[in-house]
Amino acid sequence: MTVETIASRDNPRLKRLRRLVADGAAYRRDGRVWIEGDHLCGAMLARGRQPETVVCTQAGLAWVGAQQAAGRLDRQVAVWEVTDALMAWISPLESPPAVAFLAPLGAPAAITAGLPTVVLDRLQDPGNVGSILRSAAAFGFRQVLALRGTVALWAPKVLRAGMGAHFALQLVEGAQASALAGLGVPLLATSSHQGEFLHAARLPWPCAWLLGHEGQGVSPDLMAQAGLVVRIAQPGGEESLNVAAAAAICLHASAVAAMGCASRR
């Protein structure tokens, strides 16, 4: 492989890279995202996507070579070798990775009608959002629509919590609530105090689940658009569930319903 060694913080490319990494929403302006660690980088390659640049320490060169040898990483992709200290300077992680990708974001995705979808309404916690993306990918949802006010989907903390789910989903950011009309599937929402119980409900497939702000829930305007409102049985008596936990339960229920629909065909 052809490797360029960069040994100084004064390198203008590393300075630009550090600014990009430090600002979780800078990818929207730059059109590129920072992917850290061999797990996330491997997940990206497994989906047939290529980085613009590989940034690695000496310890990461063996992994890069193995990906090239296996045909997963294009040999034409630039490889920058940096010292451990420089990787620690770039990365926000307490334990910096041996390898990372600088990857093109691509053109903004448009909403695709008819897909099983998750709609995020002003969610703020990166861990919650990443966990929801992971559940969405695991349970057969193919599109995630983030309404305005939702945390940046490609922010580093969301990426880490998503564990590679980003590369299995069509992600649409910054949408208006009016865009939901273009989904073309039934809208479902949860409530802590109304609606039929999830385990007894007849769930449509495909569908779109509305998941709301951690403190305020789904906005009243969106809730009014839901064709079905359900609640999750909580025999332990807690007032409500964390939104990521509720999402996992609801999306799994939809996946089970979808398998039942398929078996009846």
Of the residues Leu180, Leu169, Leu153, which single one is of a type outside the set (Val, Ile, Thr), under 19 Å from Ala46 (Cβ atoms) and touching a residue at least 12 places away in the same chain (Cβ under 8 Å)?
-> Leu169
Check the range 213-234 and report whether any residue there is buried (at least 17 other Cβ atoms within 10 Å of the Cβ), among the small types (Gly, Ala, Ser), assigned to a helix (DSSP H, G or I) and touching a strand residue (DSSP E or B) at 6+ places or on another chain (Cβ under 6 Å).
-> no
Run down His199, His193 and say which single residue is in the same structural domain as Gln124 (by TED's automatic domain parsing), surrounded by fewer than 18 Cβ atoms within 10 Å (Cβ to Cβ), modelled with pLDDT under 90 and out of contact with any Phe, Trp or Tyr (no Cβ under 9 Å at 6 or more places or on another chain).
-> His193
Residue that is surrounded by the most Cβ atoms within 10 Å (Cβ to Cβ) [pool: residues in the range 53-70 that are hydrophobic (A, V, I, L, M, F, W, C) and in contact (Cβ under 8 Å) with a residue 40 or more places away in the chain] | Val55
Pick from Gln76, Gln124: which is assigned by TED's automatic domain parsing to the domain that holds Ala224 and not in a strand (DSSP E or B)?
-> Gln124
Go through (1) out of contact with any strand residue (DSSP E or B) (no Cβ under 9 Å at 6 or more places or on another chain); (2) assigned to a loop (DSSP other than H, G, I, E, B) one by one and return the number of the condition Pro97 breaks.
-> (1)
Residue by residue through the range 38-52, note down the ones that are in contact with a strand residue (DSSP E or B) (Cβ under 9 Å, 6 or more places away or on another chain) and surrounded by fewer than 17 Cβ atoms within 10 Å (Cβ to Cβ).
-> Arg49, Gln50, Glu52
Have a look at Gly140, Gly106, Gly127 and point out the one that is surrounded by fewer than 21 Cβ atoms within 10 Å (Cβ to Cβ), closer than 20 Å to Pro206 by Cα and not aromatic (Phe, Trp, Tyr).
-> Gly140
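The values are calculated or read from the model by the stated rules, or taken from the named source; none is laboratory data. Since this is a predicted model, take the numbers as computed values, not measurements. Cβ sites come from the backbone with ideal geometry, for glycine too, and all protein chains shown count toward neighbours.
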